[in-house]
Each structure stands twice: as structure tokens, then as C-alpha cells.
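**Q** To start, I am sharing the structure in question, which I have written as C-alpha cells.
The values are calculated or read from the model by the stated rules, or taken from the named source; none is laboratory data. Because the structure is a prediction, the values reported are computed rather than measured. Backbone-built Cβ (ideal geometry, glycine too); neighbour counts: all protein chains shown.
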Amino acid sequence: MTFKEAAADATKSLQHGYCYGMIYGLSQMLGVLQETKQVDPGLCTTMPRSVTTEQLVNVVAKFADAHPEVTPIHYRCHSRNT
């Protein structure tokens, strides 16, 4: 879903904002954990602080599109196919 598509429909706009906010919040949490050296190596790799939320949303959407078998439908909030 693009920003333009989300803006055209109130429900889509809400879903888009929820997805964006969730990814933003998780990225901020990961940043704090990285800075305090509390990241579990099994959790994930390090993420550059220069990564934008839009870039993260695009990565999540691409993963959801490519792996629907491991991505529950409620996590595909920003997928281009929903």
C-alpha cells in the first residue's frame, strides 16, 4: 500500500498508520537495546541508525509478500497485496 492509497480511504489510512507506528516503535526499541549493548544475538543483527522508517516498512512489506506462509495475515498490514 502506498501513502497515496492509504490517504484515499480512512480505514486504509488507519491500517497504514498502525503498521508504520508498530515498525517505528520496534526500530526505536532495537536502537535503545543496541546502544545499551542488550541485544540478544539470536534476536537480530544490528541495524544502522541511519535507516529510515519508510525503508524498514518496505523491508517488512517485501518479506510479508515473499513469505505469506510464515507471515500471519494480521502482520501483513502494509503488504502491497492486501
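**Q** Looking at segment 4-23 only, could you name the residues that are assigned to a helix (DSSP H, G or I), out of contact with any Ser or Thr (no Cβ under 9 Å at 6 or more places or on another chain) and among the aliphatic types (A, V, I, L, M)?
**A** Answer for segment 4-23, where residues must be assigned to a helix (DSSP H, G or I), out of contact with any Ser or Thr (no Cβ under 9 Å at 6 or more places or on another chain) and among the aliphatic types (A, V, I, L, M): Ala10, Leu14, Met22.
**Q** On the given criteria, is Arg80 surrounded by 15 or more Cβ atoms within 10 Å (Cβ to Cβ), out of contact with any Gly (no Cβ under 9 Å at 6 or more places or on another chain) and modelled with pLDDT under 75?
**A** Answer is no for this residue.
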